[in-house]
Amino acid sequence: MKLSIQHFQRTWSPDAPDAGQRLERFSKGLIEQIDTLSGIAGAFSDFAQMPKARAGELGLAEVAETAMNLFRATPGMRCELTHESPGPLIVHADREQLLRVFNNLLKNAVQAIPDGREGRITMVLKEMNGEAIVEVRDNGTGIPEEDRERIFRPNFTTKGSGMGLGLAMVQRIVEGAGGRVWFESTEGEGSSFFVA
């Protein structure tokens, strides 16, 4: 932005025939950059100041269904929710934060599908050794070996857009609630993210 302003100052002439167009282009570009910076600042502020969790007993299946319903209408995607264990799987968690976790994982799964491939996103609910586990599985590009250590790090992203806060936020919420999050991935075939 500073370079843009300095360049504009050096080349600006109010008497030039295209002065009005140049001023409008410059102003529009500057406003877009400010909006982008504002969005980045807001996202980092949200990440830094996560609201205090208000945990309670809730059915995992109902929260998972709510999250999955947001993604079922995504063009080119087959999204399904499967229950490998009977019952509602009662967990002690903050409903809003759990929804945020699921939404981030599902959004990442959708974004992992390359152009030209029909997406298959599956959310699996199960119980193992008295522990509720949610798996979000995709058939996307997978995570390259060299990126796997950094995948939960704030600011790290493999996408062309985004700020790299989604998975960092997932990890913070899950671990803050006494849970854990991990993943398995095969390049070219897809990834599974697990929350327990």
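A few points about this structure:
- All conditions in (1) closer than 17 Å to S191 by Cβ; (2) open to solvent by less than 50 Å² (accessible area, probe 1.4 Å); (3) in a helix (DSSP H, G or I) hold for R148, with the sole exception of (2).
- Unique residue being open to solvent by 20 Å² or more (accessible area, probe 1.4 Å), part of a strand (DSSP E or B) and of a type outside the set (V, I, T) when the list is E175, E80: E80
- Close pairs from region 18-36: first within 12 Å of F8 (Cα to Cα) and open to solvent by less than 90 Å² (accessible area, probe 1.4 Å), partner at pLDDT 80 or above and in a helix (DSSP H, G or I), Cβ under 6 Å, at least 6 apart: none
- The residues of region 68-105 that are within 14 Å of L125 (Cα to Cα) and of a type in the set (S, T, Y), listed by number, are T82, S85.
- Some residue of region 144-157 being under 24 Å from N69 (Cβ atoms) and either modelled with pLDDT of 90 or more or not hydroxyl-bearing (S, T, Y) (or both): no
The values are calculated or read from the model by the stated rules, or taken from the named source; none is laboratory data. Keep in mind the model is a prediction, meaning the values are calculated, not measured. Cβ: placed from backbone, ideal geometry, glycine included. Neighbour counts: every protein chain shown. Ligands, DNA and RNA are stripped out before the accessible areas are found, and what is left, the full protein with its side chains, is counted by its heavy atoms. Shrake-Rupley method; radii C 1.70, N 1.55, O 1.52, S 1.80 Å.
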